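Structure record follows, encoded as structure tokens.
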């Protein structure tokens with residue numbers, strides 16, 4: 001690959017995908033649970049809900065959705081599908097309604113949908129591949145700019161910019177000098193202002209980080 005001067009990555013789902021009623025990304029539409037960004041991919045969110053084991057469901061809800069009651073949620077999905085396959089958004093809402101705390105419905109469904117979407121599209125694996133490739137193709141002095149929208153993405157970005165490793169541990173040479181491949185331009189992420197959040201509520205969780213290749 002040719003060396004590049006910089007790369008900007010705006011992660012996650014686009015507003016267009018959220019607003020397309022037939023894609024299954026949004027809780028607002030009762031449509032099929034698809035969630036594939038690449039429509040040529042085979043596995044949909046419905047496939048996951050109807051074929052994964054209870055333990056596998058618990059794992060993705062806890063890891064990717066950071067759901068507090070992931071075990072109870074997985075149990076509800078696993079046993080509900082025995083009576084009726086979970087194919088649509090409303091099917092899923094009905095299957096898990098007893099797991100949702102009153103007053104937190106929107107947040108809870110957003111976490112569940114996030115977990116399914118990440119699993120369907122292998123989003124964290126794709127992000128890791130992108131970040132590793134940036135280490136190879138960025139010129140010295142080239143900049144990596146990433147906008148992330150949830151803590152799982154941001155943690156990977158922060159660690160790779162800090163240390164060059166996803167675990168975040170900084171290697172040092174014999175003399176104690178850090179061997180990190182990037183210089184962090186933003187020690188803390190840049191986040192939207194109150195004014196921007198008022199104009200564009202979907203920006204509220206965005207975090208922008210910048211690093212420069214050494």
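The values are calculated or read from the model by the stated rules, or taken from the named source; none is laboratory data. Just so it is clear, the model here is predicted, and its values are computed rather than measured. A quick note on method: Cβ atoms are made from the backbone with ideal geometry, for glycine too, and the neighbour counts reach across all protein chains shown.
If we scan the stretch 113-124, do we find a residue that is more than 29 Å from residue 164 (Cα to Cα) and either surrounded by fewer than 14 Cβ atoms within 10 Å (Cβ to Cβ) or within 18 Å of the chain's Cα centre (by Cα) (or both)?
yes
I need the full set of residues from the stretch 71-88 which are surrounded by fewer than 17 Cβ atoms within 10 Å (Cβ to Cβ) and in contact with a strand residue (DSSP E or B) (Cβ under 8 Å, 6 or more places away or on another chain), in order please.
88
At least 1 residues that are closer than 21 Å to residue 204 by Cβ in each: list the helices (runs of 4 or more DSSP H) lying fully within the stretch 62-121 that qualify.
The qualifying helices (runs of 4 or more DSSP H) are 105-121.
Let's see how each residue does on (1) more than 30 Å from residue 145 (Cα to Cα); (2) loosely packed, with under 15 Cβ neighbours inside 10 Å; (3) not assigned by TED's automatic domain parsing to the domain that holds residue 157:
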| position | (1), (2), (3) |
| --- | --- |
| 25 | no, no, yes |
| 38 | no, yes, yes |
| 53 | yes, yes, yes |
| 62 | no, no, yes |
| 69 | yes, no, yes |
| 90 | yes, yes, yes |
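Regarding residue 30, is this residue over 17 Å from the mean Cα position of the chain (by Cα), touching a residue at least 60 places away in the same chain (Cβ under 8 Å) and either more than 19 Å from residue 125 (Cβ to Cβ) or assigned to a helix (DSSP H, G or I) (or both)?
Spelling it out, residue 30 is indeed over 17 Å from the mean Cα position of the chain (by Cα), touching a residue at least 60 places away in the same chain (Cβ under 8 Å) and either more than 19 Å from residue 125 (Cβ to Cβ) or assigned to a helix (DSSP H, G or I) (or both).
Got a sec? Which of 28, 39 is within 19 Å of residue 107 (Cβ to Cβ) and out of contact with any helix residue (DSSP H, G or I) (no Cβ under 7 Å at 6 or more places or on another chain)?
Every option except 28 fails the conditions.
In the stretch 190-214, which residues are free of Cβ contacts under 8 Å to residues at least 40 places away in the same chain, outside any helix (DSSP H, G or I) and out of contact with any helix residue (DSSP H, G or I) (no Cβ under 6 Å at 6 or more places or on another chain)?
190, 191, 193, 200
Could you grab me the full set of residues in the stretch 156-191 that are farther than 21 Å from residue 142 by Cα and in contact with a strand residue (DSSP E or B) (Cβ under 9 Å, 6 or more places away or on another chain)?
171, 172, 191
Considering 70, 41, 95, which residue is closer than 17 Å to residue 118 by Cα and modelled with pLDDT of 95 or more?
70
Of all residues in the stretch 125-151, count the ones that are buried (at least 18 other Cβ atoms within 10 Å of the Cβ), in contact (Cβ under 8 Å) with a residue 40 or more places away in the chain and assigned to a helix (DSSP H, G or I).
2
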